[in-house]
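Asker: Quick one: structure below, then a few questions.
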Amino acid sequence: MYRRDIVMMSRFFILGIGNWGRGITNCSVSCYAKFSNLLDRLQMAIAIALNSNHINTLDLSPATEVIEQILAEGTLVSSEQQLSFNIDYPREPGDPRELSEIPEVRLWFIRLDSRYPWLPFLLNWQDKEFARYSAMLVPHQFSKDGIQYNPEALEMFLMHKIFVLGDWLKHQGIPHQSRLKSMAQLLGYELEDGLFEIF
């Protein structure tokens with residue numbers, strides 16, 4: 001969203017209280033459309049709160065309650081890329097590790113992934129939840145240039161997710177090719193169309 005659109009939306013709401021007509025003339029149609037889309041995403045955003053007790057006891061209930069409700073209500077499509085995790089896992093002062101470098105946290109996500117291997121469909125890609133999720137499951141290290149995955153492990157992880165999600169999306173009747181291509185791009189890979197002709 002462009003800064004001028006945000007400014008115009010702000011003016012619209014300020015003016016809209018006492019001067020609705022002027023607010024409308026000051027905001028473009030594209031401004032309204034973008035704000036409507038933003039509101040839809042904010043209303044659908046789902047945050048799962050995890051604490052150290054959940055993680056240390058491998059308690060998946062914070063996630064399963066949310067995911068099972070989505071499945072029961074049949075809101076999979078509207079919940080696409082809406083899920084994020086708020087992780088509260090205290091560390092000792094001076095502990096430099098990222099959450100994805102803590103074995104207990106990684107183990108919790110490994111267990112979650114075994115329960116819902118198609119979970120990337122729900123993760124909020126724009127907020128880098130898929131990247132963080134991948135880091136929980138793929139060996140890596142951090143450097144001044146950022147996260148560095150083990151290349152072979154990353155390729156195996158990606159292809160596993162491509163096959164799992166491909167089959168799952170087909171079963172759900174959800175178009176899959178563009179989604180899987182976009183997911184691969186988040187990890188730095190380009191998938192050729194020919195791949196989708198053989199599975």
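Values in this text are rule-based calculations from the coordinates and carry no lab data. Since the model is a prediction, treat every value here as computed from it, not as a measurement. Positions of Cβ are generated from backbone atoms using ideal geometry, with glycine treated the same way; all protein chains shown enter the neighbour counts.
Asker: Based on other C-beta atoms within 10 Å, arrange Ser78, Ser114, Ser134 from fewest to most.
Answerer: Result, fewest neighbours first: Ser114, Ser78, Ser134.
Asker: Taking neighbour Cβ counts within 10 Å as the exposure measure, how do Met136, Met156 sort from fewest upward? List each step's numbers first, then the result.
Answerer: Working: Met136 20, Met156 12.
So the residues, fewest neighbours to most, are Met156, Met136.
Asker: Here is a follow-up. Can you tell me the relative contact order of the range 99-199? Whole percent, Cα pairs under 8 Å, sequence separation 6 or more. Can you show the working numbers first?
Answerer: Working: 66 pairs, mean separation 20.2, N = 101.
It comes to 20 percent, rounded to a whole number.
Asker: Calculate the spin-label point distance for Glu192 paired with Gln172, positioning each point 7 Å from the Cα along the beta-carbon direction, and give it in nanometres.
Answerer: Label-label distance for Gln172 and Glu192, simple model: 2.9 nm.
Asker: Using Cβ contacts closer than 10 Å as the measure, can you line up Met159, Met183 from fewest to most? The partial results should precede the final answer.
Answerer: Working: Met159 14, Met183 21.
Sorted ascending by nearby Cβ count, the order is Met159, Met183.
Asker: Tell me the relative contact order for the range 88-148 as a rounded percent, counting alpha carbon contacts under 8 Å between residues six or more apart.
Answerer: Details: 27 pairs, mean separation 17.3, N = 61.
Once divided by the residue count of the range 88-148, the mean separation gives 28 percent.
Asker: Still on this structure, please answer the following. How fast does the range 77-159 diffuse by Stokes-Einstein, in µm²/s, taking the Kirkwood radius from C-alpha pairs at 4 °C and 1.567 mPa s? Provide the component values of the computation, followed by the final result.
Answerer: Values: Rh = 13.8 Å.
Approximately 94 µm²/s, per Stokes-Einstein.
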